[in-house]
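Peer 1: I'd like to ask some things about the structure below.
The values are calculated or read from the model by the stated rules, or taken from the named source; none is laboratory data. Fair warning: this is a prediction, and the values are worked out from it, not measured in the lab. In this analysis, Cβ positions are derived from the backbone assuming ideal geometry, glycine residues included, and neighbour counts consider all displayed protein chains.
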Amino acid sequence: MKVVIAGASTSGLFAAYLLAKAGVEVEVYERAAMLDPAVRTLIVTDKINEVLGFVPHEIILNEVKHIDLFSKSRSSKMELGRPDLIIAREKLILMLARMSQEAGVKISLKRRFLSFASGQNGVAVRYKDLETGEDKREKVDYLIGADGVYSAVAKAASYNGHLQTALLQARIKLPKEVSRDTYQVWFDRERTKYFYWLIPESDDIAAVGLIADDARQAGASLKSFLAERGWQPLEYQSSKVPMHKYEYSARVKEVSPRVFLVGDSTAQVKVTTVGGVVTGFRGVRAVVEAILQGKSVGEESRSLKRELDLHLLVRKILDGFSDADYDLLIDFIEGQLKHVLSTVTRDDLAMMYLRLVASQPRLVMLGAKGLLRGIG
């Protein structure tokens, strides 16, 4: 059996590694001339250790054990029962590339996926050799699209894309008043319906950023936020993030039973925080299981979709929040909710949601108000 994966992304390389470890012949098509991923600082929960199957020590820049939350008029400090990890995206990609190649994966650079034609017994993949300029074809058993926000595989399957948000962050010198074991989050509805963050990479450097509807808004909002605090940007990091929609799934069912999408190509992203590393890896495990067992994606894929759907519902609620609502939410956190938020991670939102509501029933009314305004 041979599998072609379009895109040397984190999800694509993790899929390649797992399949090759299981004895499958795997080739990754990557349009770039070399693996030189863009630098970006990420924060993830320790659930990454579970989905990877090991602790990725070489990519961890820092561990944070506390969160400072700020709204217009309130603040709260929480201690995490399980520290969040600050990781380097480029190191994660290079680590997975090395592991994949050691497992027998062939990474073919300067190859751009063009299209596919699927039959009962396999997939004919058409690609352009960017070194020679030739269009070529290869018959394989399965195709996985892991080629990011603007996925050519998704487009070839007639998927109409996803809404996108702009993520922008600046690396700054770590402010003296901030400890390296604490990250900070600010809710400010006038500037962004999401939030600002500060995540310490080390004793010296932190990343400050936000999510906004478009890059221009993100740039203006971040620059004013930095200027107000007297923080000077050392460099900027940016990306486009696809937003999960209820109707998307990992399998391209309408076109082919042998074509799958993972990671950003199918928006396996928590839209509450626009984090997609852990959820992308969960999507990979579901697809790899399906390929190895020759069946449709099963319970893991359905479980992931339920989790992502819940994040989307919560996002719609938060979209309707006012500054006063965030003040009230932080009052709740200072009251009954702190223990739940400190012990259950955002990658287990279903469990967190039930415990939050049980601890503070008034959240239901607050959420209902936000939802009505968010969809109004």
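Peer 1: For segment 345-354, state whether one or more residues are more than 26 Å from K47 (Cα to Cα) and part of a helix (DSSP H, G or I).
Peer 2: No, every residue in segment 345-354 fails to be more than 26 Å from K47 (Cα to Cα) and part of a helix (DSSP H, G or I).
Peer 1: Additional query: I want to confirm something. Restricting to segment 1-16 and keeping residues that are in a loop (DSSP other than H, G, I, E, B) and within 19 Å of the chain's Cα centre (by Cα), which single residue is farthest from R82 (Cα to Cα)?
Peer 2: Initial filter on segment 1-16 (in a loop (DSSP other than H, G, I, E, B)): 1, 7-9.
In the following step, the residues that additionally are within 19 Å of the chain's Cα centre (by Cα) were identified as 7-9.
Working: G7: 32, A8: 30, S9: 27 Å.
Taking the candidates together, the pick is G7.
Peer 1: Where residues in segment 283-297 are β-branched (V, I, T) and under 22 Å from the mean Cα position of the chain (by Cα), which of them is nearest to K2 (Cα to Cα)?
Peer 2: V288
Peer 1: If a residue has to be without any contact (Cβ under 8 Å) to a residue 60 or more places away in the chain and either surrounded by fewer than 16 Cβ atoms within 10 Å (Cβ to Cβ) or of a type in the set (G, A, S) (or both) to count, how many in segment 204-216 make the cut?
Peer 2: 8
Peer 1: Taking the conditions exactly as written (closer than 13 Å to T272 by Cβ, surrounded by fewer than 19 Cβ atoms within 10 Å (Cβ to Cβ) and touching a Leu at 6+ places or on another chain (Cβ under 9 Å)), does L349 satisfy them or not?
Peer 2: No.
Peer 1: Do we have any residue at all in segment 35-43 that's touching a helix residue (DSSP H, G or I) at 6+ places or on another chain (Cβ under 8 Å), assigned to a strand (DSSP E or B) and of a type in the set (S, T, Y)?
Peer 2: Yes - at least one qualifying residue is present in segment 35-43.
Peer 1: Checking the condition surrounded by fewer than 19 Cβ atoms within 10 Å (Cβ to Cβ), farther than 20 Å from I205 by Cβ and either in contact (Cβ under 8 Å) with a residue 60 or more places away in the chain or not assigned by TED's automatic domain parsing to the domain that holds L19 (or both), which residue from K240, K270, K223 passes?
Peer 2: Step by step, each of K240, K270, K223 is checked, and only K240 is surrounded by fewer than 19 Cβ atoms within 10 Å (Cβ to Cβ), farther than 20 Å from I205 by Cβ and either in contact (Cβ under 8 Å) with a residue 60 or more places away in the chain or not assigned by TED's automatic domain parsing to the domain that holds L19 (or both).
Peer 1: Quick one: would you say L19 is at negative phi, assigned to a helix (DSSP H, G or I), buried (at least 24 other Cβ atoms within 10 Å of the Cβ) and in contact with a Leu (Cβ under 7 Å, 6 or more places away or on another chain)?
Peer 2: Numbers: at negative phi: yes; assigned to a helix (DSSP H, G or I): yes; buried (at least 24 other Cβ atoms within 10 Å of the Cβ): yes; in contact with a Leu (Cβ under 7 Å, 6 or more places away or on another chain): no.
Here the answer is no, as L19 does not meet what is asked.
Peer 1: Right, next: Within segment 246-261, is there a residue that is in a loop (DSSP other than H, G, I, E, B), in contact (Cβ under 8 Å) with a residue 40 or more places away in the chain, exposed (fewer than 15 other Cβ atoms within 10 Å of the Cβ) and of a type in the set (G, A, S)?
Peer 2: no
Peer 1: Here's a follow-up. Answer yes or no: is there a residue in segment 174-183 that is closer than 25 Å to K316 by Cβ, in contact with a helix residue (DSSP H, G or I) (Cβ under 9 Å, 6 or more places away or on another chain) and not assigned by TED's automatic domain parsing to the domain that holds S115.
Peer 2: no
Peer 1: Has segment 268-278 got any residue that is assigned to a helix (DSSP H, G or I), over 30 Å from R74 (Cα atoms) and not acidic (D, E)? Write out each step before concluding.
Peer 2: In the first step, residues of segment 268-278 are kept if they are assigned to a helix (DSSP H, G or I); the result is 277-278.
Remaining after also requiring over 30 Å from R74 (Cα atoms): 277-278.
Of the ones still in play, those that are also not acidic (D, E) are 277-278.
The answer is yes, given that some residue of segment 268-278 is assigned to a helix (DSSP H, G or I), over 30 Å from R74 (Cα atoms) and not acidic (D, E).
Peer 1: So which residues in segment 175-198 are of a type outside the set (K, R), surrounded by fewer than 19 Cβ atoms within 10 Å (Cβ to Cβ) and in contact with a strand residue (DSSP E or B) (Cβ under 9 Å, 6 or more places away or on another chain)? Steps first, please.
Peer 2: Narrowing segment 175-198 to residues of a type outside the set (K, R): 175, 177-179, 181-188, 190, 192, 194-198.
Right, trim to surrounded by fewer than 19 Cβ atoms within 10 Å (Cβ to Cβ) and you get 175, 177-179, 181-182, 185, 188, 190.
The answer is P175, V178, S179, D181, T182, V185, D188.
Peer 1: For segment 91-123, how many residues meet the condition of being part of a loop (DSSP other than H, G, I, E, B) and surrounded by fewer than 21 Cβ atoms within 10 Å (Cβ to Cβ)?
Peer 2: Total satisfying the criteria: 5.
Peer 1: Go through (1) on the phi < 0 side of the Ramachandran plot; (2) within 25 Å of the chain's Cα centre (by Cα); (3) not assigned by TED's automatic domain parsing to the domain that holds G209 for F116 and report which single condition fails.
Peer 2: If we test F116 against (1) on the phi < 0 side of the Ramachandran plot; (2) within 25 Å of the chain's Cα centre (by Cα); (3) not assigned by TED's automatic domain parsing to the domain that holds G209, just (2) comes out false.
Peer 1: Could you run through segment 159-183 and say how many residues are out of contact with any Ser or Thr (no Cβ under 9 Å at 6 or more places or on another chain) and not in a strand (DSSP E or B)? Before the answer, list the steps.
Peer 2: Here is the first cut: in segment 159-183, the residues out of contact with any Ser or Thr (no Cβ under 9 Å at 6 or more places or on another chain) are 160, 163-165, 170, 172-173, 175-179, 181-183.
Filter once more, keeping what is not in a strand (DSSP E or B): 160, 163, 175-179, 181.
Looking only at that region, the number is 8.
Peer 1: Just one of I87, I59, I48 is surrounded by 16 or more Cβ atoms within 10 Å (Cβ to Cβ), within 27 Å of D181 (Cβ to Cβ) and free of Cβ contacts under 8 Å to residues at least 40 places away in the same chain; which is it? Show your work before the answer.
Peer 2: Values: I87 fails: free of Cβ contacts under 8 Å to residues at least 40 places away in the same chain; I48 fails: free of Cβ contacts under 8 Å to residues at least 40 places away in the same chain.
Result of the check over I87, I59, I48: I59.
Peer 1: Kindly provide the set of residues from segment 141-168 that are under 15 Å from the mean Cα position of the chain (by Cα), surrounded by fewer than 21 Cβ atoms within 10 Å (Cβ to Cβ) and of a type in the set (S, T, N, Q), ordered by number.
Peer 2: Correct list: Q164 only.
Peer 1: Ok, one more. In segment 304-347, how many are over 30 Å from A286 (Cβ atoms) and of a type in the set (A, V, I, L, M, F, W, C)?
Peer 2: Selection size over segment 304-347: 8.
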